[in-house]
Amino acid sequence: MSNGHNDQREMQSREMTGAEMVVQALKDNGVVHLFGYPGGAVLPIYDELFQQDAIQHILVRHEQGAGHAAEGYARSTGKPGVMLVTSGPGATNAVTPLQDALMDSIPLVCLTGQVPTALIGSDAFQECDTVGITRPCTKHNWLVKDVNELAATIHEAFHIATTGRPGPVVVDIPKDVQFARGIYTPPQTAPRTSYHPRVQGDLEKIKAAVELMATARKPIIYSGGGVINSGPQASQLLRELVELTGFPITSTLMGLGAYPASGKNWLGMLGMHGTYEANMAMHDCDVMVCIGARFDDRITGRLNAFSPNSKKIHIDIDPSSINKNVRADVPIIGDVGRVLEDMVRLWRASVKADKKALHPWWEQIARWRARDSLAYRMNDDVIMPQYAIQRLFEATKGKDTYITTEVGQHQMWAAQHFHFDQPNRWMTSGGLGTMGYGLPAALGVQIAHPDALVIDIAGDASVQMTIQEMSCAVQYEAPIKIFILNNQYMGMVRQWQQLLHGNRLSHSYTEAMPDFVMLAKAYGGHGIRCEKPGDLDDAIAEMIEVKKPVIFDCRVAALANCFPMIPSGKAHNEMLLPDEATDEAVANAIDARGRELV
Amino acid sequence: MNAQLQPTGSAYFIAKETEKPETHTLSILVDNEPGVLARVIGLFSGRGYNIESLTVSETEHEKHLSRITIVTRGTPHVLEQIKHQLERIVPVHGVVDLTVRSKELGQERPLERELALVKVAGKGDDRVEALRLADAFRASVIDANTEHFIFEITGKGSKVDQFIAIMKPLGLVEICRTGVAAMNRGPQGM
Ligand SMILES: Cc1ncc(C[n+]2csc(CCOP(=O)(O)OP(=O)(O)O)c2C)c(N)n1
Ligand SMILES: [Mg+2]
């Protein structure tokens, strides 16, 4: 009897409005930071946020900024990023970061306001079909029409965003549902029956992989962002595996830091702008172990010439990644961390590693390495962009540093010349290649790590896409450093125009540029300009010293191009190396047929 | 190296397809919730897959389950991708390629049936002929007056095709087809 009484009391305490439920559900899912922008359709939720302190709301200047900030937050912490936006334009502005998070497997929970249920479909003010628009750019999405389902839906959204292959989710909440009263249900562990990502790898397959690896004479490990997503344990196990096997290792853009760049088996990044040794080793290997990567077209080059003589082991949590672009001889479906645990254990138990047998392979790799494919010509008068990154790297050594980037040449130079020894330190838009990602992402990282040194390695064009978040950084005293490699060009576009379009530089030169130093000041930040190589170290030191958001306008050689490069449609062993990249070679690197297809 | 001397394709290398396309029938068990069909169809259009026939209806009301049957065409590699991509959709419980399963069971193909309503209008000899042919096809008359018939015909798609072709010169007015319903023979479920 008294039990029934308690139940009733408990029910009463769990009765609340939809808006209260949103805040309660966020708290119950461990959310402490929320990136957002208000509007009519989310005012009840904003009213609840106003009346509590457990969750800090970060007011961005554009919803795209909220999304990338949440992505940076997620990538640097391993926790989901959360954003809150209003209906209509708020939701459509969120589309770019949603697709970005989908392509890079980032756990992102996006709450959107919607017009009242009774008005849905009537072209009401600020109405849009949010679930329709975001269906193809989310892992899953929901329109909640019943307040009694709101809490469970938000819990499920967190569950789906963070488990299996992580990704973005949207919960669309009509305004009347935010006002309505209902019963709050706490998070529970009875997820829907149709969703069970497979995490444990098939032991027989892992055994077969270990046997294959034990016989390899020219092996290579090719790891990707999946290792980082799997968590720090997976990176640790990857390091153990490399140590045990003595195999060389390369990684995709998204996977940098899982294996330390200072490690002795590291070959550098692979792919279109990867190192010569990494790409040649991929091409000539006899056993390839692909761990949490997906054989993206920027990685493989020409598919029918991709690593023609190797047996391929592919570990991935998403069955659709396997055999999508490249056929796997030993496919292993599961969470990278779990599979690596089994793999390391089996290797220890069953293989007596004969590292001597790999000597000829390492000697071959040393010859490739000797080509020094990241070399560039220094200049005493102009700052070479590669040099700027190298100095930045040296200046940040030993500091608690996080790097984000925009998209373009500077992104590739950052990947080549900044070296990462830990996972979760490198935030870049890989799959979608979103210009404007880096500045808000840096903001998100800084919110998560207030005392860290967070630098956005930016391009002059990209940074202008989301520059308004400087204002947000100033408001929250987030001392992010925007390090612009200012070449006055959309350098990467120009490079392709040189390669493919007879050097006709159609609209890739920015004729009017803001004064970035004054712009920084206008926002209430600090501006620095550097034009000479000799001044660079002092200027970087100043940037690191200043406890404010900084825009660093680093004037670099305008016409430098990014090499080495696998030109359009070439194979890994057909790279264009910097010392061969004469003007003529660049102009002829891709033939007419290639031009049509790019 | 010397890449500039070896002209080739593109960074978006479009490999020549060497596999032959095949027609397969897929059964997809899904939670019957708003938007689930849009997710399935959106996947097909978004990734450039074909839909030759689509049938959907709730099959287990208490469990809120619907069964979608899709006839699609693609190379074996694409068909494998379609299955995996469908399985990624959160409310999808399972996907069975009935065509593959029937081969595994040592059968030629899954059981496939379609229902069509066929309206034929006419007088005189054409009308008699239509009725006679409908009888031969075991189509039943479900509505009629002196100037028209509506036939209901059930069978394999090819039989329905044939029936419609024959009715064309006899005063065919309109057709409604359900699309393919399919399952594998034998005692096991999907
Ligand atoms: C939103 C968006 N629009 C267009 C592009 C195409 N794009 C790729 S790189 C690039 C130029 C980037 O210029 P900048 O930021 O100055 O970098 P740089 O290559 O000069 O280092 C463009 C326009 C893109 N990636 N993203
Ligand atoms: Mg630029």
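The values are calculated or read from the model by the stated rules, or taken from the named source; none is laboratory data. On a predicted model such as this, the values are computed, not experimentally measured, just so you know. Please note: Cβ atoms are built from the backbone with ideal geometry, for glycine as well, and neighbour counts cover all protein chains shown. SASA here: full protein model, heavy atoms, side chains in, ligands and nucleic acids out. Shrake-Rupley method; radii C 1.70, N 1.55, O 1.52, S 1.80 Å.
Among the DSSP beta bridges whose two residues both lie in the protein assembly as shown, what percent are antiparallel, rounded to the nearest 5? Don't skip to the end; give the middle numbers.
Details: 47 of 112 bridges.
About 40 percent, rounded to the nearest 5.
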For residue A:27, which lysines qualify as cross-link partners when the Cα separation must be under 21 Å and same-chain residues fewer than eight apart are set aside? A:79, A:175
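Given R₀ = 56 Å, FRET efficiency for residue B:23-residue A:378 by Cβ-Cβ distance, to 0.05?
Values: r = 62 Å, r/R0 = 1.11.
The calculated FRET efficiency here is 0.35.
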Can you give the average number of partner chain beta-carbon atoms within 10 Å of each beta-carbon in peptide A:323-330, as a whole number? 1
What nm value, rounded to one decimal, do you get for the distance between residue A:545 and residue B:166 when each label is placed 7 Å out toward the C-beta? 9.5
Per-residue mean of C-beta atoms belonging to partner chains within 10 Å, peptide A:295-308: 2
Apply the a/c threshold of 1.5 to the C-alpha gyration tensor of segment B:111-182 and tell me whether it is rounded, prolate or oblate. prolate
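Do any of A:397/A:521; A:264/A:311; A:356/A:397 go past 32 Å between their Cα atoms, and which?
Values: A:397/A:521 28 Å; A:264/A:311 24 Å; A:356/A:397 34 Å.
Pairs exceeding the cut-off: A:356/A:397.
What ranking do A:420-433, A:322-335 get when scored by the average of other Cβ atoms within 10 Å per residue, highest first?
Peptide ranking by packing, descending: A:420-433, A:322-335.
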What figure, in Å² to the nearest 10, do you get for the accessible area of residue A:13 with a 1.4 Å probe and non-protein molecules left out? 80
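What does the C-alpha gyration tensor say about the overall shape of chain A? Classify as rounded when a/c is under 1.5, otherwise prolate if a/b is larger than b/c, or oblate.
Working: a/c = 1.95, a/b = 1.29, b/c = 1.50.
The shape class here is oblate.
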Rounding to the nearest 10 and keeping the result within 0 to 90°, find how far the Cα-based axis of helix A:18-28 lies from the longest principal axis of chain A. 50
Rolling a 1.4 angstrom probe over the protein chains, ignoring ligands and nucleic acids, what is the accessible area of residue A:238 in square angstrom, nearest 10? 0
Of all accessible surface on chain B at a 1.4 Å probe, what whole percent is carbon and sulfur? 53
Helix-derived mean residue ellipticity, 222 nm - over the protein assembly as shown, DSSP H n ≥ 4, -39500 (n - 2.57), to 500: -11000 deg cm²/dmol
Top positive-direction residue, dipole computed over the protein assembly as shown with Cβ charges, set A:251, A:517, A:59: A:251
Taking the Cα centre of chain B as origin and charging only Cβ (+1 Lys, Arg; -1 Asp, Glu), how large is the dipole, in debye to the nearest 20? 340
Dipole of segment B:39-190 [Lys/Arg +1, Asp/Glu -1 at C-beta], most positive-end residue of B:45, B:95, B:75: B:75
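Partner chain Cβ atoms within 10 Å, averaged over the residues of B:80-93 - can you pull that number for me? Don't jump to the answer; show the numbers that get you there.
On the way: counts 5, 4, 1, 2, 8, 4, 1, 4, 10, 4, 13, 5, 2, 4.
Other-chain Cβ atoms within 10 Å of each residue's Cβ, averaged: 5.
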Estimated distance in nm for a label pair at residue A:243 and residue B:51, the labels positioned 7 Å out from Cα along Cα-to-Cβ: 5.3
Dipole magnitude of the protein assembly as shown about its Cα centre, charges +1 at Lys/Arg Cβ and -1 at Asp/Glu Cβ only, in debye to the nearest 20? 1880
Set the Förster distance to 25 Å, then compute FRET efficiency between residue A:203 and residue A:286 from the Cβ-Cβ distance, nearest 0.05. 0.55
For helix B:124-136, report the angle its Cα long axis makes with the longest principal axis of the Cα atoms of chain B; keep it between 0 and 90° and round to the nearest 10°. 60
Report the gain in length on full extension from residue A:120 to residue A:215: 0.36 nm times residue separation, minus Cα-Cα distance, nm rounded to one decimal. 28.0 nm
Just to be sure I understand the model, the point goes 7 Å from the Cα along the line to the Cβ. What's the resulting residue A:309 to residue B:117 distance in nm? 6.7
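Sort B:180-188, A:14-22 by the packing proxy (mean of other Cβ within 10 Å over each peptide's residues), most packed first.
Numbers: B:180-188: 15.6, A:14-22: 22.0.
Those peptides, ordered most packed to least, come out A:14-22, B:180-188.
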Rank-order B:162-172, B:52-62, B:113-123 by packing density, defined as the average count of other C-beta atoms within 10 Å over each peptide's residues, highest first. B:113-123, B:162-172, B:52-62
Would you mind getting the accessible area per residue of the protein assembly as shown, heavy atoms of the protein chains only, 1.4 Å probe, in Å²? 42
Asked for the total accessible area buried by B and A (1.4 Å probe, Å², nearest 100), one would answer 3100
